[in-house]
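To start, the structure under review is shown below, and the notes come after it.
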Amino acid sequence: MPDADPVDEAAALPENESQAVYLRFKKVFGDSRLMSRTRLRQRRQPAGETVPYGLGRDPRGISSVMDSLTNELGWSGSLAKSDLMLAWKEIAGDETAEHSHPVGITDQVLSVQCDSTAWATQLRLMRTMILTRIAQQFPEAGIESVRFLAPDAPSWKRGSRSIPGRGPRDTYG
């Protein structure tokens with residue numbers, strides 16, 4: 001029989017699947033009887049991957065793995081914003097944090113809800129100091145401004161006895 005292609009031989013013997021697989025492997029990987037031991041080793045191990053202390057081979061700590069993962073996925077800004085919200089007590093101080101709490105971050109503006117208008121005014125005076133601390137401790141958060149919210153005024157538009165109209169101003173004077 002002349003030198004036939006192993007794929008053609010495999011196609012000629014459809015009833016013997018194991019032989020067809022063997023012939024296909026023989027064609028792809030070569031005949032092991034014809035190769036020397038050194039050549040087999042060289043073929044199995046590509047150059048550069050057997051260096052024991054090469055790039056990417058040393059184990060790394062979980063913190064460096066998580067840092068690279070968050071940077072790769074673009075989570076560093078969102079995580080910095082959530083860390084900022086959790087660290088409000090360290091940023092504003094203990095007494096100030098008792099009377100205020102961060103509500104949210106929208107368009108690089110941190111919104112802080114205060115217990116009273118007096119605390120909102122006091123925090124407005126401390127705005128520069130708070131922004132400086134935020135920029136130093138959480139630069140990835142990207143906070144450009146802080147908005148201090150006073151408590152909401154009571155509304156007479158809700159409840160079982162509300163009526164449409166201007167509210168309590170109608171009855172005066």
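Assorted remarks:
- Hits in region 129-173 - residues which are open to solvent by 100 Å² or more (accessible area, probe 1.4 Å) and at pLDDT 90 or above: Q136, E144, R147
- One residue stands out in region 127-148 among those that are in contact (Cβ under 8 Å) with a residue 60 or more places away in the chain and in a helix (DSSP H, G or I): the one that is farthest from A92 (Cα to Cα), namely E140.
- Filtered residues of region 83-120 (kept if of a type outside the set (A, V, I, L, M, F, W, C), open to solvent by 50 Å² or more (accessible area, probe 1.4 Å) and either assigned to a helix (DSSP H, G or I) or within 21 Å of I143 (Cα to Cα) (or both)): D83, K89, E90, D94, E95, E98, H101, T106, D107, Q108, T117
- Whichever residue in region 62-78 is closer than 20 Å to P102 by Cα and in contact with a helix residue (DSSP H, G or I) (Cβ under 6 Å, 6 or more places away or on another chain) and, among such residues, is least open to solvent (accessible area, probe 1.4 Å): G77
The values are calculated or read from the model by the stated rules, or taken from the named source; none is laboratory data. Here the structure is a predicted model, which is why all the values come from computation and not from measurement. Positions of Cβ are generated from backbone atoms using ideal geometry, with glycine treated the same way; all protein chains shown enter the neighbour counts. We work out accessible area using only protein heavy atoms, side chains counted, and drop any ligands, DNA or RNA first. Shrake-Rupley method; radii C 1.70, N 1.55, O 1.52, S 1.80 Å.
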